[in-house]
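Enquirer: The structure that follows is given in the form of structure tokens.
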Amino acid sequence: MRANRRTDTKPELALRHALHRLGYRYRKDYRLDLDGGRRVRPDIAFTARKVAVFVDGCFWHACPEHGSKPRANEWYWGPKLIKNVERDRVNDAALILAGWTVVRLWEHVPIDEAVGTVVTALTATGPGKSTGPAIPSDGTEPPNRIPPATDDSPG
């Protein structure tokens, strides 16, 4: 099981790259120390807006659509996969209690849909510090940005 990645999986990388291209900034695999001593590591964390994003693998988190149950060593895998799902629910509850918005995405969700879900969660939580796109999507300059110099400017 050493070859199974905890972070930087292909679906997670695709989502992070898409969000970064849109101008969103985040922390990856960021440890959150919550009240009560619980530690949670979201795949993507928007700390200013308190949004935690998890990209769950279909096998490891028992996807009802694509998750498979191993036939070999069922005595080991059955309880392990159930514990993974239970841990996810406990972590979700702890994050929500701490004021975070939790977004859970399956690895099979199309990237456009996943990005839309995350962006919707981010806009619902309100403006944050340096987590949104640097330039609005309509192409206009933000009001606090200095316009580029022109040829007729002094100096």
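The values are calculated or read from the model by the stated rules, or taken from the named source; none is laboratory data. Small disclaimer: the values here were computed from a predicted structure and weren't measured. Every residue, glycine among them, receives a Cβ derived from its backbone with ideal geometry; neighbour counts consider all protein chains shown.
Enquirer: With free of Cβ contacts under 8 Å to residues at least 40 places away in the same chain, in contact with a strand residue (DSSP E or B) (Cβ under 7 Å, 6 or more places away or on another chain) and within 29 Å of Pro127 (Cβ to Cβ) as the only criterion, which of Arg31, Arg21 stands out?
Expert: It is Arg31.
Enquirer: Among the numbered conditions (1) modelled with pLDDT under 90; (2) more than 25 Å from Asp8 (Cβ to Cβ); (3) surrounded by 10 or more Cβ atoms within 10 Å (Cβ to Cβ), tell me where Pro133 comes up short.
Expert: (2)
Enquirer: While we're looking at this one, here's another question. Return the pairs, sorted by first residue and then second, in which the second residue is of a type in the set (A, V, I, L, M) and assigned to a helix (DSSP H, G or I), the first residue lies in region 85-114 and is on the phi < 0 side of the Ramachandran plot and surrounded by 12 or more Cβ atoms within 10 Å (Cβ to Cβ), the beta carbons are less than 6 Å apart, and the residues are 6+ apart or on different chains.
Expert: Sorted first by the residue in region 85-114, then by its partner, the pairs are Thr101/Ala121; Val102/Leu95; Val103/Val118; Val103/Ala121; Leu105/Ala114; Ile111/Ala14; Ile111/Ala18; Ala114/Leu15.
Enquirer: While we're looking at this one, here's another question. Looking at Pro70, Pro79, which one is without any contact (Cβ under 8 Å) to a residue 12 or more places away in the chain, loosely packed, with under 13 Cβ neighbours inside 10 Å and in contact with a helix residue (DSSP H, G or I) (Cβ under 7 Å, 6 or more places away or on another chain)?
Expert: Pro70
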